[in-house]
Every structure is written in C-alpha cells, then in structure tokens.
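Below: the structure, in structure tokens.
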Amino acid sequence: MNFSRCYYKKTKKNFVRLSSLFLVTSISFFPFFQLHAQKAQKKSFQLEQKEAQLISPSTLSQKVDALLFEYSNQQREKKGLPALKHLEVIQKAARDHSQDMMKRQYLSHFSPEKKSVVDRVAKYVKEVRASLGENLHSVQSQKGLTDPEAIAKVMMEDWMGSKSHRANILGEQFTRMEIACVSSWTQIYCTQVFAGEGL
C-alpha cells in the first residue's frame, strides 16, 4: 500500500487469491495557497478474485472506472451529500495521468517533470479557478487481473479507510468527479479527479 496526502492551496464461485501490491495516494487543491505533501508508504496484500478468466485490459479499465464512480457516489449518498457529476475536462486530465503512470511506471501526483493535477487540468482550460482533488490507486499481480468488481472494491475500501482520501470523496466543495483507469494484463492504474464549480 502506498499512501500520501497532499494539499495545494492558491461469476465463478471459486476464489483466486493473488499476491499483489497496491498503492494509494491523494491530493487536494484549493486556489491561492501552497502545496504540502507526505511521503508514500508501501504494503503487500492479498486480492481475492471471483473471475478466473482474463479479460482485455481496455474492458477491465472501463468496468473499474464505472464501478468506482458508482461506489464513490454511494458513499456520498450515505452522508446525505449530492452525487458528483461527470466533467470531460477532468476526465481528460485523469486519463492523461493514468496513461503516463502506466507508461513510465510510477505512482505520484507529480510527474517526473513535477507537473501536478493543477497543470494537467490547466492543459484543457484557460484558467483553473476551481478547487481540485485527486486520489490515485494501483493494483498489480503477475498472475493476472480478472475481476473488475474485486479490484474496484479493494480500491474503494482503501480510499474510504484513509482520512485524506475519504475527505476528497466526501468533499462538500466538489460537484464533479471523473475516474480514469489504464491497465495491462497484470497491472492497473486509476486516477480519480474531483472539481468544484468554476471550470
């Protein structure tokens, strides 16, 4: 497990148990102040998958995307918060980051060029005037990823079990959310981006 917290202010029944490493990290941005970050940590875990047959990476990614979006809004509903809606701009930013992390094999809110979620969103808008948040997660297994529901559930449990990640998901300042996952046969990276009004 890899946790970090940043603030930027200005149906098969047989279970397949796989040894995996998952990584989680989060960031929040509020206009006009400065950035704070914590160093990430790692932890091994066991992923139980019901489905034993491999599915294509693109299908896996799409299904995990949709499930994480659904699960996140379910958590908000439990707290009496309005559901977050889609927004293409932050979807593009999330997709760019997941693709880059997969291609260059890293997990961080900052690219090797030190670009953050603010920079990624700014690529698609003239000016960033909204609050932004970002959660990251990665799961990998050399035996293969087969079960979108199992993957999405463990990601959601990890996020909700972390005060900082949960704060993004339940943030009252946010009205929009997008999730973009990119996967290979053995690894998946997911970027969850939140935005308030103003984009």
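Placing R0 at 35 angstrom, the Cβ-Cβ distance between residue 77 and residue 186 gives a FRET efficiency of 0.55 after rounding to 0.05. Once the Cβ-Cβ distance of residue 56 and residue 113 is raised to the sixth power relative to R0 = 45 Å, the FRET efficiency obtained is 0.90. Counting only protein heavy atoms and a probe of 1.4 Å, the accessible surface of the stretch 121-199 is 44% carbon and sulfur. Measuring only protein heavy atoms, the 1.4 Å probe finds residue 106 accessible over about 40 Å².
If packing is taken as the average number of other Cβ atoms within 10 Å across a peptide's residues, how do 137-148, 110-121, 73-84, 58-69 rank, most packed first?
Numbers: 137-148: 21.7, 110-121: 16.7, 73-84: 12.8, 58-69: 19.0.
Peptide ranking by packing, descending: 137-148, 58-69, 110-121, 73-84.
The values are calculated or read from the model by the stated rules, or taken from the named source; none is laboratory data. The shown structure was predicted, so the numbers you read here are calculated from the model rather than taken from an experiment. Heads up, the Cβs are rebuilt from the backbone with ideal geometry, glycines too, and the neighbour counts pull from every protein chain shown. Side chains are part of the model used for accessible areas, which takes the heavy atoms of the whole protein and leaves out ligands, DNA and RNA. Shrake-Rupley method; radii C 1.70, N 1.55, O 1.52, S 1.80 Å.
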